[in-house]
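Nothing in this text is a laboratory measurement; each read-out follows from the coordinates by a stated rule. Please read all numbers here as calculations on a predicted model, not as lab measurements. Virtual Cβ from ideal backbone geometry, glycine too; neighbours counted across all protein chains shown.
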Amino acid sequence: MPTLVLLRHGQSQWNLEHRFTGWWDVDLSERGIAEAREAGRMLKARGLEFDRCFTSLQTRAIRTLHLVLHELETLWLPVAKDWRLNERHYGGLTGLNKLEMIEQVGAEQVQIWRRSFDVPPPPLDPDSPYAVAGDRRYAGIAVPDTESLKDTIKRVLPYYDAEIAPALRRGERVMVSAHGNSLRALEKHLSNIADADIVGLEIPTGQPIVYELDGDLVVRDRYYLSEK
């Protein structure tokens, strides 16, 4: 049976500081590095092996994957990097402290921006120091100025269908190292989660999620590796 492992990157420095991150490139914290290494050790202890990996263009996800593959002694595995697996773009919230925003606009409004299905945050000012349109990794890409989860799904699922699903149908064992919202997009699709329910799904950092699939990529089992 095809196996798919989804892994949210280890804790980033801005996760630690309670800041909205989105497309801004932030590295792992010391705890995040430890989480990634532990994820790799858990995968190795369970005998899980991989044939192909996918990740975003963001350092925290790439570095998490490298740390995991180092623990698995498989740094040689093919890795595809694509912007469509990037975190959701948090628009004008990028760089702001979540706790301070709750004090300014109220917990209800912040929760809507963070967890609603189709309400995006205010757009990012093009002159913001957190604008990434000039970053050469995004050359030729129409960088969004904000995204809802619905917007994120619209870019993640076509990539899954075009690149990840074909690898799984070939029987390859696949790992995807990405972000809370790009992985929520995949989980929504794989587990057929309703729009109203996906907003409550929390994906912890550094915890491998194992999907066992049949030949038609229908889910046979889904579990956190730490729970079995």
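Sum up the charges of everything whose Cβ sits under 14 Å from the Cβ of residue 216, counting Lys and Arg as +1 and Asp and Glu as -1, but leave residue 216 out. It would help to have the intermediate numbers written out before the result.
Values: positive: 169, 170, 220; negative: 161, 212, 214.
Around residue 216, the surrounding residues sum to 0.
Can you check what the net charge comes to around residue 82, using other residues whose Cβ is under 14 Å from the Cβ of residue 82 (Lys, Arg +1; Asp, Glu -1)?
+2
For residue 191, what charge total do you get from the other residues with a beta carbon under 10 Å from its beta carbon, if Lys and Arg give +1 and Asp and Glu give -1?
0
Which cross-chain or sequence-distant (5 or more) residues have an amide H under 5 Å from the amide H of residue 12, H modelled 1.01 Å from N in plane?
29
Over the chain, how many pairs of lysines fall under 24 Å by alpha carbon, counting only those 8 or more apart in sequence or from different chains?
9
Would you calculate a helix-derived [θ] at 222 nm for the chain, using -39,500 (n - 2.57) for each DSSP H run of n ≥ 4 and dividing by the full residue count, to the nearest 500?
Computed mean residue ellipticity for the chain: -10500 deg cm²/dmol.
Would you grab the residues whose amide H sits under 5 Å from the one on residue 19? Only those 5+ places off in sequence or on another chain, please, with H modelled 1.01 Å from N.
Result for residue 19 returns 98.
May I ask you to evaluate 6.51 cos²θ - 1.76 cosθ + 1.60, the Karplus curve with θ = phi - 60°, for each residue of the range 111-124 and list the ³J(HN,Hα) values in order in whole Hz, giving x for glycine and proline?
Karplus-based 3J(HN,Hα) across the range 111-124 equals 5, 4, 5, 7, 10, 5, 6, 10, 9, x, x, x, x, 6 Hz.
Evaluate the distance, in nm, between pseudo-label points positioned 7 Å from the Cα of residue 46 and of residue 108 along their respective Cα→Cβ axes.
It is 4.1 nm.
Could you derive backbone 3J(HN,Hα) for the range 92-106 from the dihedral phi with the Karplus parameters 6.51, -1.76 and 1.60 (θ = phi - 60°), listing whole Hz in sequence and x where the residue is Gly or Pro?
These are the phi-based 3J(HN,Hα) values: x, 7, 3, x, 7, 7, 5, 5, 5, 5, 4, 5, 7, 10, x Hz.
Could you give the length gained on full extension between residue 128 and residue 222, defined as 0.36 nm per residue of separation minus the Cα-Cα distance, in nm?
29.8 nm
Amide H neighbours of residue 52 under 5 Å, at least 5 residues apart or on other chains, H built in the peptide plane: list them.
173, 175
Using DSSP, restrict attention to beta bridges with both residues in the chain and report what percent are antiparallel, rounded to the nearest 5.
Expressed as a percentage, antiparallel bridges in the chain total about 50.
In which sequence would 212, 147 go, from the one with the fewest C-beta neighbours within 10 Å to the one with the most?
The most exposed by this proxy come first: 212, 147.
Would you list 191, 148, 177, 182 from fewest to most Cβ contacts within 10 Å? Please report the intermediate quantities before stating the final value.
Details: 191 13, 148 19, 177 32, 182 29.
With the fewest neighbours first, 191, 148, 177, 182 line up as 191, 148, 182, 177.
How large is ³J(HN,Hα), in whole Hz, for each residue of the range 181-187 in order, when computed from phi with the Karplus curve 6.51 cos²θ - 1.76 cosθ + 1.60 and θ = phi - 60°, using x for Gly and Pro?
With the stated coefficients, the range 181-187 comes to 7, 5, 6, 4, 4, 5, 5 Hz.
Note down the relative contact order for the range 3-227 as a percent, whole number, built from C-alpha pairs under 8 angstrom at least six residues apart.
Relative contact order here is 31 percent.
Using Cβ counts within 10 Å as a stand-in for footprinting exposure, how do 70, 9, 189, 179 rank, fewest first?
Ascending Cβ contact count within 10 Å gives the list 70, 189, 179, 9.
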